[in-house]
Structures are given as C-alpha cells and as structure tokens.
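What follows is one structure encoded as structure tokens, with my remarks underneath.
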Amino acid sequence: MKAPICEVCLKTDDILCPADEKKLQEGVISELDVKISRLLYKLLGDADIEFKKAVEAGDLVVIVVGEGDVPLTIGKGGKNIKTLMRELGKRIRVIESREIKGTNDVKKLTTDLLYPAGVFGVNIVYKPGGENYYKVLVLSRDKNKLPEKAEVLESILAQIVGKDIKISFI
Ligand SMILES: [Zn+2]
C-alpha cells in the first residue's frame with residue numbers, strides 16, 4: 001500500500017520519523033492523513049492500492065485513493081468502511097483521485113461525491129478582481145439525496161480541489 005507516510009511509520013502507532021514529522025509540521029500532510037494511513041494499512045497491508053489523502057468536514061470523512069483503487073479500499077460488502085466508521089465515529093466515503101484541470105474534472109469528482117444526487121453541470125464563475133470558483137449545479141428535486149449537508153460537501157470539495165466550490169440548486 002502506498003501512503004503519504006513511509007512504510008516504517010505505517011507500521012507503528014506512535015511517533016513519526018523525522019521526514020514525515022516535518023511533512024506534518026509543514027502541512028504537507030495532516031493528522032487525519034496519518035491516522036487514516038495507519039488504519040488502512042492495518043486493513044489492507046501490502047495490497048496494491050494508493051491512499052492519497054483524507055479530508056473531513058462535519059460528520060463526513062472522504063478518503064481519496066488512486067485510480068481503480070476504490071473497490072479494494074472499500075472491501076467485500078463494505079467491511080473496511082464499516083471498520084473505519086467504527087474507529088472514527090464518522091461517515092466514510094471513498095473516491096478516486098483525479099487531476100482537476102477544469103469543469104469536466106470537477107463534474108466527475110462531484111458526481112462521485114454527491115451520489116445519489118445527480119450533478120446537472122459545473123460552471124466556472126469569475127469574480128471581479130480575477131478570482132474564480134466552481135459552481136456545481138444540482139437539481140432541486142435531488143436536494144434530499146445529497147449524502148451530507150451542502151455546506152459540508154462544499155468544505156470537503158474545496159479541500160480536495162484547492163479552490164472554492166459552491167453547490168447551487170436549480
Ligand atoms: Zn516515516
């Protein structure tokens with residue numbers, strides 16, 4: 001399993017090696033990344049998957065893994081997710097990482113994350129002063145199908161994409 005911390009740190013439960021401690025101090029990785037790395041390692045061992053990062057907001061933790069790695073991470077019948085939910089006391093969602101280059105990529109990401117609510121489209125909105133953000137359009141009739149409150153999902157998405165994201169109902 002590939003993770004944001006080294007193999008030695010994956011196998012221990014306490015302190016981090018100096019290199020990984022430095023990454024934590026510099027904010028390259030978070031406490032949550034460390035925690036999830038170690039929990040996943042216990043569940044998945046040397047399985048051929050890559051854990052990229054984890055983000056949280058409200059009661060939701062989103063685990064971002066490499067391309068094609070979602071099924072193995074979730075485990076048979078969702079058994080790994082159930083264990084993580086027990087350990088963390090939060091809801092868990094696993095999504096595939098993707099490079100965000102534009103609205104198409106945001107559409108794919110939000111389609112994964114907001115499921116079973118559907119994503120109608122994604123616009124880029126330019127603010128005066130040159131900054132911009134993504135506006136994710138969800139049909140009003142799908143509002144109750146969102147897996148979490150819109151604000152929680154917006155916070156998760158902003159952490160994944162590194163840019164403001166607004167969910168808008170149409
Ligand atoms: Zn280490």
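Results for (1) modelled with pLDDT under 95; (2) more than 19 Å from the chain's Cα centre (by Cα); (3) surrounded by 14 or more Cβ atoms within 10 Å (Cβ to Cβ), shown as yes or no for each residue.
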residue: Gly78; (1), (2), (3): no, no, no
residue: Arg98; (1), (2), (3): yes, no, yes
residue: Lys101; (1), (2), (3): yes, no, no
residue: Lys107; (1), (2), (3): no, no, yes
residue: Lys127; (1), (2), (3): yes, yes, no
residue: Tyr134; (1), (2), (3): no, no, yes
residue: Leu153; (1), (2), (3): no, no, yes
residue: Val161; (1), (2), (3): yes, no, yes
residue: Ile167; (1), (2), (3): no, no, yes
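Considering Pro147, Pro128, which residue is of a type outside the set (Val, Ile, Thr) and farther than 29 Å from Ser37 by Cβ?
Just a single option satisfies the conditions, and that option is Pro128.
Yes or no: Asp13 modelled with pLDDT under 95 and either within 16 Å of the ligand (Cβ to nearest atom) or within 22 Å of Leu153 (Cα to Cα) (or both)?
Yes, satisfied.
Let's see how each residue does on (1) surrounded by fewer than 18 Cβ atoms within 10 Å (Cβ to Cβ); (2) more than 25 Å from Leu44 (Cα to Cα):
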{"residue": "Thr83", "(1), (2)": "yes, no"}
{"residue": "Arg91", "(1), (2)": "yes, no"}
{"residue": "Thr111", "(1), (2)": "yes, yes"}
{"residue": "Leu114", "(1), (2)": "no, yes"}
{"residue": "Gly118", "(1), (2)": "yes, yes"}
{"residue": "Gly130", "(1), (2)": "yes, yes"}
{"residue": "Ser140", "(1), (2)": "yes, yes"}
{"residue": "Lys143", "(1), (2)": "yes, yes"}
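Show me the helices (runs of 4 or more DSSP H) found entirely inside region 2-46 where at least 1 residues are basic (Lys, Arg) and under 23 Å from Leu72 (Cα atoms).
In region 2-46, the matching helices (runs of 4 or more DSSP H) lie at 7-11, 31-44.
For Ile36, only one of the following conditions fails: (1) away from the ligand (no atom under 16 Å from the Cβ); (2) closer than 14 Å to Ile95 by Cβ. What is its number?
(1)
The values are calculated or read from the model by the stated rules, or taken from the named source; none is laboratory data. These numbers were taken from a predicted model, which means no experiment stands behind them. Positions of Cβ are generated from backbone atoms using ideal geometry, with glycine treated the same way; all protein chains shown enter the neighbour counts.
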